[in-house]
Amino acid sequence: MITVILMVLLTTTSPVKSSNPEKKGYIAYCPCMGRFGNQADHFLGVLAFSKAVNRTLILPPWIEYRYGEPRSIQVPFDTYFNVDKLLEFANVITMEDFMREIAPTVWPIEKRVSFCYTQRTGEIQNSCNAKSGNPFGPFWDTYNIDFNRSEFYAPLNYDAQNEKILEQWKIRYPVDKWPVLAFTGAPASFPVQKENVDMQKYLKWSNDIEHRSKLFIKKNMSGGGFLGIHLRNGQDWVKACQHVKDSPMLFAAPQCVGYRNERGPLTMSMCLPKPSEILKQIKRVIKKLSDIKYIFVASDSNHMIEELNAGLRRPEIKILKFQPSSNPHLDLAILGQANYFIGNCVSSYSAFVKRERDMKGLPSEFWSFPQRKKNKHEEL
């Protein structure tokens, strides 16, 4: 009798484990649009969607494009981010673990179906053509995944706040018949929906990235505060900014102008500020924050180190970038720890930093936003 009582007590007081994820089903997808900033925006939406339909999210690798490589490179998700932090919010598993431990029984080769809204251009008629082109082919090939057929899920969408749509997903694709929903592209909007921005708090840098970023700050920027800035000025960006007039919601612009342009129009200087505008804004921040001793610059092209030194004429302030070569993820992690940050309204890369800093309660602003009234007495 005593033994039975003890067993009952142990059962009722021990931590409750999450239910078997195999019974909930899985969501897989290719983060095949753009580089890291775009992929991160999509990820937040997919995380919200998978939670809403009560399925385990298979964490995809990050897709990277490296100079001289004809095919994309797939970097495991946990190289950059902490999986345990995501588990605080939803059921997740890395793609590597899923393919090794679960796919052979839950998602056998003969039952692999690709999902897309409607047919996609490619070699096969009436198909998602999930592996046509780069990065689509290399992504799935990394895990030796081939598809037997396609499933068009139109007219459903992936609004995680729409209960009727979410229920339709569950009815149309029950777990017992559809254990894995493998999407050709991310089942999420770009830029990230306003309702899903807070998902950023579950994206915590991996121990390696966190350690290396803190070590860089300690070695190179100790003894004072630092201003982090992001300069987007490569030739591809110059061309993209030419569409500002025709695309008032270009890329990540809603983070500034609002999702309905309720905060004003998108301007060329917000997308591609002139060097003089950059200098003027940095001077204002330095004047406001007297403890700034360093300026850390992240850029896809021109870091403007010489121009900033010449324009600021402040030898006591050191301007630097990550050496020996640019590392976009370490740049992001460093920018997230700056005393103050200035980013680009239109860039999803800047948007990642802004969301992270908002979660931490750290101050940020954007180039040329909000627009300032010209002051003839303002010091240049």
Tell me which of these residue 171 doesn't satisfy, since it passes every other one: (1) assigned by the TED database to the domain that holds residue 52; (2) among the aliphatic types (A, V, I, L, M); (3) in contact (Cβ under 8 Å) with a residue 12 or more places away in the chain. (3)
Of these, 251, 226, which one is of a type outside the set (D, E, K, R) and touching a strand residue (DSSP E or B) at 6+ places or on another chain (Cβ under 6 Å)? 226
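Residues are listed down the side, and each one gets a yes or a no for (1) of a type in the set (Lys, Arg); (2) open to solvent by 30 Å² or more (accessible area, probe 1.4 Å); (3) in contact with a Pro (Cβ under 9 Å, 6 or more places away or on another chain); (4) not in a loop (DSSP other than H, G, I, E, B):
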{"position": "130", "(1), (2), (3), (4)": "no, no, no, no"}
{"position": "147", "(1), (2), (3), (4)": "no, yes, no, no"}
{"position": "154", "(1), (2), (3), (4)": "no, yes, no, no"}
{"position": "209", "(1), (2), (3), (4)": "no, no, no, yes"}
{"position": "219", "(1), (2), (3), (4)": "yes, yes, no, yes"}
Criterion (open to solvent by 70 Å² or more (accessible area, probe 1.4 Å), over 22 Å from residue 356 (Cβ atoms) and touching an Asp or Glu at 6+ places or on another chain (Cβ under 7 Å)) met by exactly one of 275, 324, 315: 275
Could you grab the pairs with beta carbons closer than 8 Å, sequence gap of 6+ or different chains, first residue in the range 212-232 and assigned by the TED database to the domain that holds residue 312 and among the charged types (D, E, K, R), second one assigned to a loop (DSSP other than H, G, I, E, B) and surrounded by 18 or more Cβ atoms within 10 Å (Cβ to Cβ)? 214/337; 232/272; 232/300; 232/344; 232/346; 232/347
Members of the range 66-111 that are touching a Lys or Arg at 6+ places or on another chain (Cβ under 9 Å), in a loop (DSSP other than H, G, I, E, B) and not polar (S, T, N, Q): 89, 90
Exactly one of (1) out of contact with any Pro (no Cβ under 9 Å at 6 or more places or on another chain); (2) closer than 30 Å to residue 43 by Cα is unmet by residue 368. Its number? (1)
If I filter the range 95-115 down to residues being within 21 Å of residue 43 (Cβ to Cβ) and open to solvent by 10 Å² or more (accessible area, probe 1.4 Å), which single residue comes out as farthest from the chain's Cα centre (by Cα)? 102
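The values are calculated or read from the model by the stated rules, or taken from the named source; none is laboratory data. All values derive from a computational prediction rather than experimental measurement. Virtual Cβ from ideal backbone geometry, glycine too; neighbours counted across all protein chains shown. Accessible surface is based on the protein model in full, side chains and every heavy atom, while ligands, DNA and RNA are left aside. Shrake-Rupley method; radii C 1.70, N 1.55, O 1.52, S 1.80 Å.
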